[in-house]
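Notes to accompany the following structure.
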Amino acid sequence: MRSFAAAENIVEFWDNLEAGRDCVTVGPRGRWNVDDFFDPDQDAPGKTYSHWGGFIDDVDLFEPAFFGISARECHSMDPQQRLFLECAWEAMEDAGVVPGTLKEQPVGVFLGIQNYDYYRLIGIAGHADEMDAYFGTGNSHSCAVGRLSFILGVKGPSVPVDTACSSSLVAVHLAVQSLRSGESNLAFAAGVNMMLAPEINVNLCKAHMLSPDGRCHTYSADANGYVRAEGCGVTLLKPLNAALKDNDRIHAQVIGSAVNHDGASSGLTVPSGPAQTQVI
C-alpha cells in the first residue's frame, strides 16, 4: 500500500527511510492532466504508459522578499531556483552558519540541475512582446547557482552541473576537489529536480526507460525501468580539520570521490559495467 508521505524536511525524509514508506504516487493533476497523456500502449504517440512519480507539494509557494527578490522577478524564476534557495538556507541553519559571515569568502556552490520545464511553460516563442527583464536569469542554470552566490556575497566557484542521473554526485565530487585544492574553504554541494511539464515523461516512455508499475526493481530480474521524482538536497562540505577546529556538527565524512565516463558502450544511454567497476 502506498503511503504518499512526501518529506518536507530532512527529519521527515529520514523517518520515511526508516519506516520504508513509499512516496510514489500518480502525477499531480494541478500541473498537467494525467489522463490526457496516459495510454498503456507503450508506443502510443504523444502518450506516457507510466503516470507514476515522486512529487512534492506546494511548488508554487515561495517568499521572495526573504531573499531580496521582487514579486515581479519571482514570477519568471524557475521553481527549481526557488527550492534550491530555501534548502540552501536550511542547510546553513542546520550547520550553524550565519549567512552574513560568508560575505567575500571563497565559498563554492555546486548544483546538480538538469530540467528546463519552467522555461518551456512560460516560453515566449511567437510572443516576444511578453518577454520581461527576468526571463533569462530566472531560467538559466548558471543563474540558479549564481543567485545563491550573489545573495550570500561569496566569491568561490559557482557551477551548475548537468551529467544526467549523476549530476548531484558529480557536484559533490567537484566540491570536494575545490576544498582539497584550497580553492574553497566551504562548499555547497546540492541537487534539485522538479517535474513541471509532461514532455520529458513522454520522451522517456518512447525510449521505454520508465517503469510501468512505478517501482525501481534495482538488481532484480523484474527490473523494467526507473521512476522519476523531484526534490532538493543541499549539503555543506568543509575540510575535516577545519570542521573539528570550529567544533562543527559533522554528519558524515567523504573519504574519496571519482568520476569517469562509460566511453564506447552498446549505446549512448547504455551503462558500461567495466567502466563503472573502474571508477569504483
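The values are calculated or read from the model by the stated rules, or taken from the named source; none is laboratory data. Bear in mind the structure is a predicted one, so any value in this text is a computation, not a measurement. Heads up, the Cβs are rebuilt from the backbone with ideal geometry, glycines too, and the neighbour counts pull from every protein chain shown. Only protein heavy atoms, including side chains, enter the accessible area calculation; ligands, DNA and RNA are left aside. Shrake-Rupley method; radii C 1.70, N 1.55, O 1.52, S 1.80 Å.
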Margin query: Rolling a 1.4 Å sphere over the protein heavy atoms, what is the accessible area per residue of the range 183-280, to the nearest Å²?
Written below: 61
Notebook entry, point to check: Assigning unit charges at the beta carbon (Lys, Arg +1; Asp, Glu -1) and nothing else, what dipole magnitude in debye, to the nearest 20, does the range 176-280 show about its Cα centre?
Noted result: 200
Next item on the list: Could you tell me whether the chain comes out rounded, prolate or oblate from its Cα gyration tensor? Rule is a ≥ b ≥ c as square roots of the eigenvalues, rounded for a/c under 1.5, then prolate if a/b exceeds b/c, otherwise oblate.
Entry: oblate
Check: For the chain, modelled as a Gaussian network with Cα springs under 10 Å, which listed residue fluctuates most, THR48, THR101, THR269?
Finding: THR269
Checklist line | Cβ-based charge dipole, the chain, positive-most Cα from ALA275, ALA95, ALA242 | finding: ALA242
Notebook entry, point to check: What helices in the chain pass both tests, a Cα length along the helix axis of 20 Å or more and a mean Kyte hydropathy of -1.0 or higher, using whole DSSP H runs?
Noted result: 79-95, 167-181
Notebook entry, point to check: Considering only DSSP beta bridges with both partners in the chain, what is the antiparallel share in %, to the nearest 5?
Noted result: 40
Margin query: Nothing charged except the Cβ atoms of Lys and Arg (+1) and of Asp and Glu (-1): what's the magnitude of the dipole of the chain about its Cα centre? Round to the nearest 20 debye.
Written below: 800
Next item on the list: Express in Å², to the nearest 10, the accessible area of GLU183 obtained by rolling a 1.4 Å probe over the protein heavy atoms while all chains stay in place.
Entry: 100
Checklist line | ALA44 paired with TRP14, simple spin-label distance in nm, labels 7 Å along Cα-to-beta-carbon | finding: 4.4
Item checked: Of all accessible heavy-atom area on the range 54-139, the percent that carbon and sulfur account for (1.4 Å) -> 54
Next item on the list: Mind listing the long-range amide H neighbours of VAL159? Cut-off is under 5 Å, sequence gap 5 or more, other chains count too, H placed in the peptide plane at 1.01 Å from N.
Entry: VAL109, PHE110, LEU111
Item checked: Segment PHE150-GLU199, extension gain: residue separation times 0.36 nm, minus the distance between their alpha carbons -> 14.4 nm
Next item on the list: Any lysines with Cα under 21 Å of the LYS103 Cα? List them, leaving off those in the same chain fewer than 8 positions away.
Entry: LYS155, LYS238, LYS245
Next item on the list: Compute the length gained on full extension between THR277 and ASN247: take 0.36 nm times their separation in residues and subtract their Cα-Cα distance, giving the result in nm to one decimal.
Entry: 7.1 nm
Margin query: Using the Kirkwood radius over C-alpha pairs as Rh, can you work out the diffusion coefficient of the range 1-112 via Stokes-Einstein at 10 °C, viscosity 1.306 mPa s, in µm² per second?
Written below: 91
Next item on the list: Report the residue, chosen from SER265, SER184, SER211, that carries the largest GNM mean-square fluctuation when the chain is represented by alpha-carbon nodes joined by springs under 10 Å.
Entry: SER265
Next item on the list: Rounding to the nearest 20 debye, state how big the charge dipole of the range 1-150 is about its Cα centre with +1 on each Lys and Arg Cβ and -1 on each Asp and Glu Cβ.
Entry: 300
Item checked: Selected from GLY126, LEU111, ALA6, residue furthest toward positive end of dipole (the chain; charges at beta carbon) -> LEU111
